[in-house]
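Student: Below is the structure I would like to discuss, written out as structure tokens.
The values are calculated or read from the model by the stated rules, or taken from the named source; none is laboratory data. These numbers come from a predicted model, not from an experiment. Because the Cβ atoms are built from the backbone with ideal geometry, glycine has one as well, and the counts that use them run over all protein chains shown. What goes into the accessible areas is simple: the full protein's heavy atoms, side chains included, and nothing from ligands, DNA or RNA. Shrake-Rupley method; radii C 1.70, N 1.55, O 1.52, S 1.80 Å.
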Amino acid sequence: MNLFYFISLLALIFSVTNFLYLSVLPILFLPLSFTLIVHRNFILPKYIVFFLLLVFYILISILFYDKSSLFNFDFYRRDGNFFITYLIFFSIVMLGYTRDPRKDLLLCFSIISFASFFGFIFGHNEGNLVHFFLFESHNAAGGFYGVISAICLGFYLENKSKKYLFLSLIFIFFLLMTDSRGTVIALFLTFLYYFFIRFRFPLTVFVCFVMSQVFLVIFTYSIWIREGKFISDESTFDGSITLSGIQRGGTIIDRTLYLWPRAIDNFLHSPLFGIGFGSYDDLGYSYNTILPFISEKINQTIRHTDAHAHNSYFTILAELGVAGFILFFIFFYYIYKEICKIEFWAKDLSLALKFAFWVCIFSSATEHRLTTPSQMIPFLIILALALAYNRHLNLRSRVY
């Protein structure tokens, strides 16, 4: 077991908490991973190509909107957590590992379960009904246990291991204790998708899922306009009403009638390239049209907070426009294709990753899950280890 592989597993274990930043340890590999891009014998897979295009596009968006964000630590913890989450994936996947990650995942999940029991007993909670475990918020904990329980459930359904069944039940119990309703629904929808059609027609399912949200927000957007475009460019922002205050209501009404329409309003003012990465929670603004279909925010109060549209798809459209949404979509399209290819040597791992993938997709309708470190880091670490080992197998098959 080489040092890089060991650090990756250590990061996976420490993703059980966001009080310690040890889950970001693989970023230490970043310089080495970037050097491999120019290595003459290294052929970049398509998902890496589109990932790099996406990173470049986001960097350009930041430079146009607020380049000082790149030197602000709070930006990377909140608005810009995309970089933390996905650079961990890039750092790991670029390195070739010669060890099957399935040999070590069971041990990692077992350690995580013991740490979670500790968090359940001693961690912060609200009246013993909503448990935060080892996280700063119950939704962060919910995202983590949603993706971990999905992975363990996928392993059990394929290899019928009683150990994974036990872990699945434990992590699902922990998920329920977080009261993260959006993640619970996402896990349920993922199980139904598997049970009835075995994850077939993924593109159709994704398009129908996103379009159902679009049809809903078309209706609620007109209500939002009629009610005075609450917390938007035409409303008065004096600090007495905050976006995070709206989010604490935690209801579908807040999302569909306030948060989603506001994101769509940002998008409609600048549909091609969006308003700017990290701009959604910046309030007290006006729109300034630069060119047709391209606008910017002016006079805004730039903030780096946990406030977002409670929907990854609308947040991406608002901040990055159609161009950014397409890049995200293509990147995830090729990621899913690679997950499917893992079936050739590890059906259980492939199914586990499919479960986690769809939990992330479905939960992103009620939270900004596609960039949330607590949910995406454990998924992307395991995915990166699997893809790195898959590349090792491909290289070995060419040699022989």
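Condition check ((1) within 12 Å of the chain's Cα centre (by Cα); (2) surrounded by 24 or more Cβ atoms within 10 Å (Cβ to Cβ); (3) at negative phi) across all residues:
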| position | (1), (2), (3) |
| --- | --- |
| Ala346 | no, no, yes |
| Trp358 | yes, yes, yes |
| Ser374 | yes, yes, yes |
| Pro378 | yes, yes, yes |
| Leu385 | no, yes, yes |
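Student: A follow-up question, please. Among (1) within 22 Å of Pro261 (Cα to Cα); (2) modelled with pLDDT of 95 or more; (3) of a type in the set (Asp, Glu), which single condition is Glu367 missing?
Tutor: (2)
Student: To continue, here is another question. Scan (1) at pLDDT 90 or above; (2) among the hydrophobic types (A, V, I, L, M, F, W, C); (3) more than 15 Å from Tyr65 (Cα to Cα) for the single condition Phe273 breaks and write down its number.
Tutor: Every listed condition holds for Phe273 apart from (3).
Student: Taking the conditions exactly as written (within 16 Å of Leu272 (Cβ to Cβ), open to solvent by less than 10 Å² (accessible area, probe 1.4 Å) and assigned to a helix (DSSP H, G or I)), does Leu327 satisfy them or not?
Tutor: no
Student: State the number of residues belonging to region 90-105 that are open to solvent by 10 Å² or more (accessible area, probe 1.4 Å) and more than 19 Å from Leu395 (Cα to Cα).
Tutor: 3
Student: Just checking, does region 147-169 include any residue being under 21 Å from Leu370 (Cα atoms) and surrounded by fewer than 24 Cβ atoms within 10 Å (Cβ to Cβ)?
Tutor: No, every residue in region 147-169 fails to be under 21 Å from Leu370 (Cα atoms) and surrounded by fewer than 24 Cβ atoms within 10 Å (Cβ to Cβ).
Student: Filter region 250-270 for residues that are of a type in the set (D, E, K, R) and open to solvent by 10 Å² or more (accessible area, probe 1.4 Å); which is modelled with the lowest pLDDT?
Tutor: Asp254
Student: Tell me, please, whether a residue that is within 21 Å of Glu343 (Cα to Cα) and free of Cβ contacts under 8 Å to residues at least 12 places away in the same chain can be found in region 137-160.
Tutor: Yes, that holds for at least one residue.
Student: Every residue in region 263-283 that is among the aliphatic types (A, V, I, L, M) and in a loop (DSSP other than H, G, I, E, B), please.
Tutor: Leu272, Ile275
Student: If we scan region 305-320, do we find a residue that is open to solvent by 10 Å² or more (accessible area, probe 1.4 Å), out of contact with any Gly (no Cβ under 9 Å at 6 or more places or on another chain) and farther than 25 Å from Thr17 by Cβ?
Tutor: no
Student: Under 6 Å between Cβ atoms, at least 6 apart or on separate chains: pull out the pairs that start in region 4-27 with a residue that is within 14 Å of Ala384 (Cβ to Cβ) and of a type in the set (Ser, Thr, Tyr) and end on any residue that is outside any loop (DSSP other than H, G, I, E, B) and open to solvent by 50 Å² or more (accessible area, probe 1.4 Å).
Tutor: Going by the 6 Å Cβ cut-off, the qualifying pairs are Ser23/Phe14.
Student: Follow-up question, since we're still on this one. As an exercise: evaluate Tyr334 against (1) assigned to a loop (DSSP other than H, G, I, E, B); (2) on the phi < 0 side of the Ramachandran plot and give the number of the one condition it does not meet.
Tutor: (1)
Student: Let me ask something else. Among the residues of region 306-342, which ones are at pLDDT below 95 and either over 19 Å from Gly80 (Cβ atoms) or in contact with a Phe, Trp or Tyr (Cβ under 7 Å, 6 or more places away or on another chain) (or both)?
Tutor: Matches in region 306-342: His308, Ala309.
Student: Now a separate question. Being more than 16 Å from Leu259 (Cα to Cα) and out of contact with any helix residue (DSSP H, G or I) (no Cβ under 7 Å at 6 or more places or on another chain) is the filter here, so list the residues in region 210-226 that pass it.
Tutor: Once the filter is applied, which keeps residues that are more than 16 Å from Leu259 (Cα to Cα) and out of contact with any helix residue (DSSP H, G or I) (no Cβ under 7 Å at 6 or more places or on another chain), region 210-226 yields Met211, Ser212.
Student: State which residue is farthest from Thr301 (Cα to Cα) when the search covers only region 215-249 and only residues that are among the hydrophobic types (A, V, I, L, M, F, W, C) and modelled with pLDDT under 55.
Tutor: Ile246
Student: Which one of these does Leu351 not meet: (1) in a helix (DSSP H, G or I); (2) surrounded by fewer than 16 Cβ atoms within 10 Å (Cβ to Cβ)?
Tutor: It is condition (2) that Leu351 fails.
Student: If only one of Leu28, Leu52 is of a type in the set (A, V, I, L, M), modelled with pLDDT of 95 or more, closer than 20 Å to Phe90 by Cβ and out of contact with any His (no Cβ under 7 Å at 6 or more places or on another chain), which one is it?
Tutor: Leu52
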